[in-house]
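Step one of this worksheet: look at the structure below.
The values are calculated or read from the model by the stated rules, or taken from the named source; none is laboratory data. Because the structure is a prediction, the values reported are computed rather than measured. Every residue, glycine among them, receives a Cβ derived from its backbone with ideal geometry; neighbour counts consider all protein chains shown.
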Amino acid sequence: MEAAAPPPAPAPQPAGGPRKIEVGKVLGDAFGIYSSNLGTLVVTSLGVAIVFGIIVGLLNDAGGAFMQFLAWIVQLIGTALYTGFVVRLVQDVRDGRRDMSVGELFSAAAPAIGPLILWSILSGIAIGIGFILLIVPGLILMTIWAVGAPAIVAEDCGPIEAFGRSYELVRGQAWTVFGVLVCVFLIMIVAAIIAGIIGAAIGGVAGAIIVGIIVLALFMPVSALVASTLFFDLGGGGGSLPAGQTAV
């Protein structure tokens, strides 16, 4: 009797396919990049936060549901612009060093600014409606669309295509992604409370503007770094390096 042929070896998983992730590792990688690029991230986030924080602060100070909604949209746009820069930075440092200057990183992210703004508005409105309706739909959308912005920057996805690409990467690991988002949310709640105390002590329009700047300056790097790290750890970007860059 002939020996049974051994089963064929499983095909290797493509570089862009989904990969198992862990909450602790994603957060550790994100904050590791934060600490090693602290100066760059703080300075750039402050620059964006000052511009958008002033607008957000003025809208919040005006009061009313509509103004609050506009403030939220403005904050989403500011975060989207900064996310483009951070995605390129994370993509750049994944070979073990940073090769591109701040100007080059912003230039590399510039073509994605329009799609990022449109995507952030569409996703923000949909997630907001989900929270208003039953909360749970908002949490689901927030999770499955967690890496849409990095997909736009790193894979040149359109704003509509990015929703499907994010779902494709998150599918099967939604609970882990949700766990990462919850940890980030708790961190930002603490930051918002601290900013609120400072703003209340100052009072008036100046206090509202300062709160807006502080929250944006703290929120944007953490949010963008975590989204970018999630994207690449899930297999987004095909494991490729930026154009013209070689691994060391």
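Quick notes
- Residue in the stretch 71-78 that is under 19 Å from T40 (Cβ atoms) and either in a helix (DSSP H, G or I) or not charged (D, E, K, R) (or both) present: yes
- Conditions (1) surrounded by 15 or more Cβ atoms within 10 Å (Cβ to Cβ); (2) of a type outside the set (S, T, N, Q); (3) touching a residue at least 60 places away in the same chain (Cβ under 8 Å): number failed by I187: (3)
- Test for A174: is it under 17 Å from N60 (Cβ atoms) and of a type outside the set (V, I, T): no
- Filter pass, G39 being loosely packed, with under 11 Cβ neighbours inside 10 Å and at pLDDT 80 or above: yes
- Considered as a group, the residues in the stretch 234-248 that are assigned to a helix (DSSP H, G or I) and surrounded by fewer than 22 Cβ atoms within 10 Å (Cβ to Cβ) include one that is modelled with the highest pLDDT, and that residue is G238.
- Test: residue in the stretch 91-106 that is among the hydrophobic types (A, V, I, L, M, F, W, C), within 19 Å of L46 (Cα to Cα), modelled with pLDDT of 85 or more and out of contact with any Gly (no Cβ under 9 Å at 6 or more places or on another chain): no
- Selection count, the stretch 171-182, where residues are within 25 Å of L218 (Cβ to Cβ) and either of a type in the set (G, A, S) or surrounded by 16 or more Cβ atoms within 10 Å (Cβ to Cβ) (or both): 6
Yes/no matrix, rows are residues, columns are (1) over 20 Å from L225 (Cβ atoms); (2) aliphatic (A, V, I, L, M):
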{"site": "L46", "(1), (2)": "no, yes"}
{"site": "F52", "(1), (2)": "no, no"}
{"site": "G64", "(1), (2)": "yes, no"}
{"site": "L76", "(1), (2)": "no, yes"}
{"site": "V86", "(1), (2)": "no, yes"}
{"site": "S123", "(1), (2)": "no, no"}
{"site": "I129", "(1), (2)": "yes, yes"}
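- Test set (1) modelled with pLDDT of 75 or more; (2) over 30 Å from I50 (Cα atoms) - F231 fails condition number: (2)
Conditions tested, residue by residue: (1) modelled with pLDDT of 90 or more; (2) touching a helix residue (DSSP H, G or I) at 6+ places or on another chain (Cβ under 6 Å); (3) more than 21 Å from V86 (Cβ to Cβ).
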| position | (1), (2), (3) |
| --- | --- |
| E161 | yes, no, no |
| Q173 | yes, no, yes |
| F185 | no, no, no |
| I193 | no, no, yes |
